[in-house]
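Please read the structure below before turning to the comments.
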Amino acid sequence: MVLTKRQNDILIYLCCQRQYVTIKQLAVKFCVSPRTIQNDLTFIDSFLSDSKIIIDRKTSKGIKISAHESEISNLRRELNSLSFRTLDNSERSSIISLLLLCNPINTFDKLANACCVSRQTVVSAFQQVEEEFAGEGIEIYKIQGKGITVSGDENRIRKYFENKLFSLISDELIMNVVMENSELMKFDKTANEIMMLVENKLNVRFAEAEKIRLLLDYTLLRIDSCKVVSPCGVDSRYENLIDALSSYTYSIGDKAYICSLLMNAKITEQNSNNLKVYQDDMDEANIISMYLFDELQEIQPLDNNSKEYFIHGLTLHLRVAMYRIRNKIVIQNELLSQIKVSIPLIYEFTKKQLLKCEKRFNLEFDENEIAFIAMYIASAYEGSFKIKSKLTVLLVCSFGIATSSILKTRILQAIPECTIVGPLPERDAKDYLNKNEVNLIISTNDYQVSDIPAIVVNPLLYQEDVDFIKNRLFQLSYAMMCNHFIKSYVNCEKEEIKQTYMRNYVAREDIQIVESCRKWEDAIRLAARPLIDKGKLEQRYVNRMIEAVEQFGTYMVLVPETAFIHAGTEDGINENCTAILVLKNPIVFGNKNSKTVRNLVVLGVKNKNEDSLLKLIYIFENELNLLSLKSKTITKDIILNMHGLEG
């Protein structure tokens, strides 16, 4: 008997649970209806009928797997093989892609055997695989009488494997199939030796050791097949670590490549006592970590446990980052654009604080390193903020007790992190809102209250309702965090920013006031036009700003109805610049997490010492300024004289 992927995943999930799980919980987890879960469980019962494992069902409690621990363990191991389930098209394509990358020669028969399907099934799926490889600049050759092989730039091939690995490593079944049908593990011992050598050299431990080991396995496999990377321009960048690899006979280019993999890897804890450790706990990295924690503490208080975790983790990261900086090892943070767009306030805050550290410690953090550190700070800030600022949701339902009860139960399962009030009928909801603060209203009819966002849902709460609610709550939570961060930052930096005026950051001719724009993309183009005409920005910068909104959503709407839009420093900025577009009639901004926007601020930040974003946000978040910008009589002079001072 063969299980579907979902049935297989449900059974694996149940094997991992020690408590009873309800049908509703399974339905929410696997994004299907309770009826579908019931049908799947009936099939799973039949699948287990010849074993000593049963599904124990208890009224009001739910279900769980009942069997000896060893039998459950054996079942999990079998479920993570191809013995009892079939692969879907996506899984087959992933296995085929990895085997093409790992084996010097493949055949359709070998690929079919690995996937446990017919040769024709692999042939049918092969065009999609070829298209994906072509998109990465890698060619697939079918050689008569020999088999299938891949060819292309070695860096591209290794990078494609890395991307594939990182997206699939958590899928135990796929990784098992690939390891069983390739020589990927051939150099596992050497990979472990290199990892330990570098850990000792840098006094760190790698957080994702399995990923790093498999990347090294693949690199050594490619080297063994005489596939090497170019050594151009890499000799001095990794000099210290390359020296540490002197006992290995790899080319300089491949040693540098190995160093780049390891220097970009995440790290976790210090080496054990038998390894070389720093004797001075108050080293430079620790001092910077403590300084950053103290600055963050001014904005969002953190508890002692958070402090210890934050300083420990960031110190370990900074030791490696400082090693890279002082040895002129340049890294690329693939999340750089996303970080600058999705957490712009934290990024700017981190940049500003690190600038203060640079002179003291003779360092120069580039934007890639700043972005990595910003992720640590964002994690600590957002985690603490969410704990201390729970959103309140009011349920308004005009149906009977049974329907209201079902709605509340499903809402509680969908958003357990929120405080749920109700369900209340409309007449009681009005009284409640007069006395209490609510962040969101969820109703079964079109119940609207000014200044409080409202969502209309089906009384039975379908999956599309849940997705919409979660999306809206995320936006509300993000807006609250931004508002809190801005106000806290302003309070900490009062002396520095008290004389901040709009005219200090934008020229009169770079301000435009228009009636409206047809599309948000047109609004960005129009806002940037003065800076393009002056040669301060290039057209590709505008294109990249639009792409950022399309790709990452509307994170740049940091204060009500105001979007602060920018791209990267290498995307076409010739000098620091700012432009403002005010729309008398607001537009719907963005295709993902859309928001209403009437003010667009285009920022070009070439010099990392520039902190105009934080200063401009301070001006725009002033309520009097926001009211003025809504006025039909708004003028350029009024905008130029705006400041962040109260009154």
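Observations, loosely collected:
- Shape category assigned to region 305-344 from the gyration tensor of Cα positions, a/c cut at 1.5: oblate
- Rounded if a/c under 1.5, otherwise prolate or oblate - region 359-482, Cα gyration tensor axes: prolate
- Taking all Cα pairs closer than 8 Å and separated by 6 or more residues, the relative contact order of the chain comes to 8 percent.
- Counting only Cβ charges, +1 for Lys and Arg and -1 for Asp and Glu, the dipole size of region 298-349 around its Cα centre is about 400 debye.
- Net charge contributed by nearby residues that have their C-beta within less than 15 Å of residue 466 (K/R +1, D/E -1): +2
- Alpha carbon centroid spacing (whole Å) that separates region 593-614 from region 509-585: 8
- Reach of residue 536 by Cα under 17 Å, taken over lysines that are not fewer than 8 positions away in the same chain: 606, 608
- Taking every C-alpha pair closer than 8 Å and separated by at least 6 residues, the mean separation divided by the residue count of region 337-463 gives a relative contact order of 23 percent.
- The loop-placed GluC sites (Glu not before Pro) in region 540-647, going by DSSP, that have at most 14 neighbouring Cβ atoms within 10 Å of their Cβ come out as 570, 575, 646.
- Tensor-based shape of region 502-640 (alpha-carbon gyration tensor, a/c under 1.5 rounded, otherwise prolate or oblate): rounded
- Over all directions, the projected convex hull of the C-alpha atoms in region 5-79 averages 4.6 nm² in area.
- Region 212-222 - phi-based ³J(HN,Hα) in whole Hz, Karplus 6.51/-1.76/1.60, Gly and Pro as x: 5, 4, 5, 5, 5, 3, 5, 4, 5, 4, 5
- Looking at region 34-187, the pairs of alpha carbons with a distance over 26 Å make up 40% of the total.
- Taking only the C-alpha atoms of region 185-263, Rg followed by Dmax gives 11.7, 32 Å.
- Karplus 3J(HN,Hα) series, Hz, for region 418-423 with 6.51 cos²θ - 1.76 cosθ + 1.60 (x for Gly, Pro): 9, 8, 9, 10, x, x
- Calculated P(r) over Cα pairs in 20 Å bins from 0, in percent (choose from [x] 18, 49, 26, 6, 0; [y] 15, 40, 39, 7, 0; [z] 16, 43, 31, 8, 2, 0), label: [y]
- Each Lys and Arg Cβ is given +1 and each Asp and Glu Cβ -1; about its Cα centre, region 493-603 then shows a dipole of about 360 debye.
- Ordered by the count of other Cβ atoms within 10 Å of each Cβ, fewest first, 464, 295 give 464, 295.
- Placing +1 on the Cβ of every Lys and Arg and -1 on the Cβ of every Asp and Glu, with no other charges, gives the chain a dipole of roughly 1000 debye about its Cα centre.
- 222 nm mean residue ellipticity, helices alone, for the chain (DSSP H n ≥ 4; -39,500 (n - 2.57); rounded to 500): -17000 deg cm²/dmol
- Phi-derived couplings, Karplus 6.51 cos²θ - 1.76 cosθ + 1.60 at θ = phi - 60°, listed residue by residue for region 50-67: 8, 10, 8, 9, 10, 9, 7, 10, 9, 4, 6, 10, x, 10, 7, 6, 10, 4 Hz, with x used for Gly and Pro.
- Long pairs among 534/630; 351/630; 24/61; 29/595, criterion Cα-Cα beyond 21 Å: 534/630; 351/630; 29/595
Computed from the coordinates by the stated procedures, all read-outs in this text should not be read as laboratory data. Here the structure is a predicted model, which is why all the values come from computation and not from measurement. Don't worry about glycine lacking a Cβ; one is built from the backbone with ideal geometry, like all the others, and counts go over all protein chains shown.
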